[in-house]
Amino acid sequence: MNLKAKTFELRKDVLTLIHRARTGHIGGDFSVIDILTVLYYKQMNISPEKMDHPDRDRFVLSKGHSVEALYAILSDLGFFPKSELDNYSQYGSKYIGHPNNKINGIEMNSGSLGHGLPVSIGMALAGKLDQKDYRVYTVMGDGELAEGSVWEGAMAAGHYRLDNLCAVVDRNRLQISGGTETVMAHDPLELRFASFGWNVLSIPGNDVDALNDAFDLARRAKGKPTVIIANTTKGCGVSFMENQAGWHHRVPTDEEYQKGMEELEQRRLAAL
Amino acid sequence: MNKIPNRQAICEVLMEHAAADKDIIVMCSDSRGSASLAPYAAAFPEQFVETGIAEQNLVSIAAGLASCGKKVFAASPACFLASRSLEQSKVDVAYSHTNVTLIGISGGVSYGALGMTHHSAQDIAAMASIPNMRVYLPSDRHQTRKLIETLLLDTDPAYIRVGRNPVEDIYMEDNVPFAFNKATVLSEGEDLTIIACGEMVRPALEASNLLAGEGITCSVLDMYCVKPFDTETALAAIRKSKAVITVEEHTTIGGLGAMVSQLAASRCPKFVRNLGLPDEPVVTGTSAQVFAHYGLIGEGIAASARDLLKKIS
Ligand SMILES: [Mg+2]
């Protein structure tokens, strides 16, 4: 499968979903979608029929507001019919604006930031206790790293040497009110995680090949958890949305929607 | 006088089951000693996980373990567990519906002179207001044992609060009337219903005995299951009483008393007096001194009862 082309197809689904429902977090969806695509189409051992299999890999979307990107992928992979997303964010729907584990394919509810890493640690510890080979993945936002519970988790994962755990930071350097380094700085982020006992990989985060290589490297790192600092672009894929904090959760107008869809299709074709 | 605190009874039950059930996991913050869990940790190191002084981590990791099939019992002082990690309890345990039993140790004013930072006079209100979270305050070690044995059989979230010190037995080792999620009726009377939970069940009984000597008969309910609250048993008692008194080691805002008042007002209007801790910093002292100060002892509860019955007659 051409993963790069797939990411643009999925971005079109996300844009359509948000434009139709008039709600969503498009900037973060577009920065994280390459990470999720590589995990779901290439790296993780999961399938719609086996979500109760004890040996499946686990995934927790800690930056839960990027759920539209996850919905696009889960529906594309058949975890639930695409048509169910017509109800996204609508009255009475289970397809809410954050992950909900009543939906096939979603392990844990999230949305309040700083929960995904420690929850994933529990999953990784269970794997160690049961001597299972499954891997645990979680994706955090970079703004999220200001939550103290992230660093409680960083401490515990290092302490328990959880090499079956791989965390990813969607390092787009923006959060809702502006640049992360202005709001609350995280650099030198690599050194921070390394000092907690983590194996740290810093890569171009919207590059599916670099991501795939990084996940392969993480599998081979023994005795330490791995964090992949995925240096991404918020809004990646639609030029007028890129690197704009305002597109954190703005809803595109009809005109912006058309323009965005055209650009995404051009990029998809160029990737083929 | 019994020397075994309720927390130790929890440890005993978990140790009895952990060898045969490898999915039982006990977690502590920095509290293996204060939770009486050191013997468990020594006997089952593979089924024991410590997070250090990090209650948020404790609860989230518990939820992650539980999502992979573990039966997790996570213990930490109630004052921190029910406030510092309240959001993890709400999101990762209750909302995600994970098989975690949160054990708030040294609850209420157990820590005595350590002061307000260490009191948990709001944990019932906080935990009970979370959808899908159950709240239990067992009254003695025998009931605690029954409760833990029962919770081992189900997979729903729960919060248990126990005190730090041994409390006198309410029940006898070979005779513990216990129906899950049903209050235990300790006595039946015509004048007054006293509904209590946790360590306040003992003084509620004492008050009932004092009042009996004066010709005032009381129904006394051990409402260990604060949530799901046993509406049926409470209503049956309230219906045949002239008035109701609630007693809890908790602020009177949002706890057992508030639930009883809400029930009485909507289903069977009677005068209800809520006894508990005031909406202000608790007086310094041992828990016994604190209880005496606020009238949460047999004589104090009896005095409130006499006053209430006089007012409504
Ligand atoms: Mg960001």
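The values are calculated or read from the model by the stated rules, or taken from the named source; none is laboratory data. As the structure is a prediction and not an experimental result, all values here were calculated from the model. Please note: Cβ atoms are built from the backbone with ideal geometry, for glycine as well, and neighbour counts cover all protein chains shown.
Here's a check for you: in region A:165-182, which residue that is within 7 Å of the ligand (Cβ to nearest atom) and either assigned to a loop (DSSP other than H, G, I, E, B) or free of Cβ contacts under 8 Å to residues at least 12 places away in the same chain (or both) is farthest from the other protein chains (Cβ to nearest Cβ)?
Applying the filter and picking the extreme gives A:173.
Could you pull out the residue among B:33, B:69, B:64 that is assigned to a loop (DSSP other than H, G, I, E, B), on the phi < 0 side of the Ramachandran plot and without any contact (Cβ under 8 Å) to a residue 60 or more places away in the chain?
B:33
For the structure I just gave you, tell me whether residue A:187 is among the acidic types (Asp, Glu), part of a loop (DSSP other than H, G, I, E, B) and more than 16 Å from the ligand (Cβ to nearest atom).
In short, no.
Please report, ordered by residue number, the helices (runs of 4 or more DSSP H) entirely within region A:1-84 with at least 3 residues that are within 16 Å of the ligand (Cβ to nearest atom) and modelled with pLDDT of 95 or more.
Passing ranges, in order: A:26-38, A:67-76.
Would you say residue A:212 is polar (S, T, N, Q) and in a loop (DSSP other than H, G, I, E, B)?
Considered against the rule, which asks whether it is polar (S, T, N, Q) and in a loop (DSSP other than H, G, I, E, B), residue A:212 comes out as no.
Among the listed residues A:114, A:105, identify the single one that is closer than 15 Å to residue A:54 by Cα, buried (at least 17 other Cβ atoms within 10 Å of the Cβ) and of a type outside the set (D, E, K, R).
Of A:114, A:105, the one residue that is closer than 15 Å to residue A:54 by Cα, buried (at least 17 other Cβ atoms within 10 Å of the Cβ) and of a type outside the set (D, E, K, R) is A:105.
Can you name the residue in region A:141-164 that is among the acidic types (Asp, Glu) and more than 16 Å from the ligand (Cβ to nearest atom) and, of all such residues, is farthest from the other protein chains (Cβ to nearest Cβ)?
The residue in question is A:163.
Looking at region A:22-31, can you tell me whether even one residue there is of a type outside the set (Ser, Thr, Tyr) and surrounded by fewer than 21 Cβ atoms within 10 Å (Cβ to Cβ)?
Checking region A:22-31: at least one residue is of a type outside the set (Ser, Thr, Tyr) and surrounded by fewer than 21 Cβ atoms within 10 Å (Cβ to Cβ).
Filter region B:147-163 for residues that are surrounded by fewer than 21 Cβ atoms within 10 Å (Cβ to Cβ) and touching a helix residue (DSSP H, G or I) at 6+ places or on another chain (Cβ under 9 Å) and give the result.
Scanning region B:147-163 gives B:149, B:152, B:155.
Checking the condition under 16 Å from the mean Cα position of the chain (by Cα), more than 14 Å from every other protein chain (Cβ to nearest Cβ), more than 11 Å from the ligand (Cβ to nearest atom) and not polar (S, T, N, Q), which residue from A:221, A:210 passes?
A:210
Please find, within region A:242-272, the residue that is nearest to residue A:143 (Cα to Cα) out of those that are of a type in the set (A, V, I, L, M) and not in a helix (DSSP H, G or I).
Among those that are of a type in the set (A, V, I, L, M) and not in a helix (DSSP H, G or I), it is A:251.
Being in a loop (DSSP other than H, G, I, E, B), aliphatic (A, V, I, L, M) and either within 10 Å of chain B (Cβ to nearest Cβ) or surrounded by fewer than 24 Cβ atoms within 10 Å (Cβ to Cβ) (or both) is the requirement here; does residue A:123 meet it?
Judged against the criteria, residue A:123 is not a match.
May I ask you to list the residues in region A:96-116 that are at the interface with chain B (Cβ under 8 Å from one of its Cβ atoms) and not hydroxyl-bearing (Ser, Thr, Tyr)?
The answer is A:101, A:107, A:108, A:109, A:111, A:114, A:115.
In region B:94-117, which residues are of a type in the set (A, V, I, L, M, F, W, C) and more than 10 Å from every other protein chain (Cβ to nearest Cβ)?
Result: B:102, B:103, B:105, B:109, B:113, B:114, B:116.
Taking the condition without any contact (Cβ under 8 Å) to a residue 12 or more places away in the chain, more than 16 Å from the ligand (Cβ to nearest atom) and out of contact with any Ser or Thr (no Cβ under 7 Å at 6 or more places or on another chain), does residue A:131 pass?
Taking the combined requirement at face value, the residue satisfies it.
For region A:58-95, which residues satisfy the criterion of being without any contact (Cβ under 8 Å) to a residue 12 or more places away in the chain and within 14 Å of chain B (Cβ to nearest Cβ)?
The one that is without any contact (Cβ under 8 Å) to a residue 12 or more places away in the chain and within 14 Å of chain B (Cβ to nearest Cβ): A:94.
I'd like the full set of residues that are closer than 14 Å to residue B:133 by Cα and within 9 Å of chain A (Cβ to nearest Cβ), limited to region B:45-84.
Correct list: B:59, B:63.
Would you mention how many residues in region B:225-262 are touching an Asp or Glu at 6+ places or on another chain (Cβ under 9 Å) and outside any helix (DSSP H, G or I)?
The qualifying residues number 11.
Hand me the list of strands (runs of 3 or more DSSP E) wholly inside region B:84-192 holding 2 or more residues that are more than 25 Å from residue B:37 (Cβ to Cβ), touching a residue at least 24 places away in the same chain (Cβ under 8 Å) and hydrophobic (A, V, I, L, M, F, W, C).
It comes to B:184-187.
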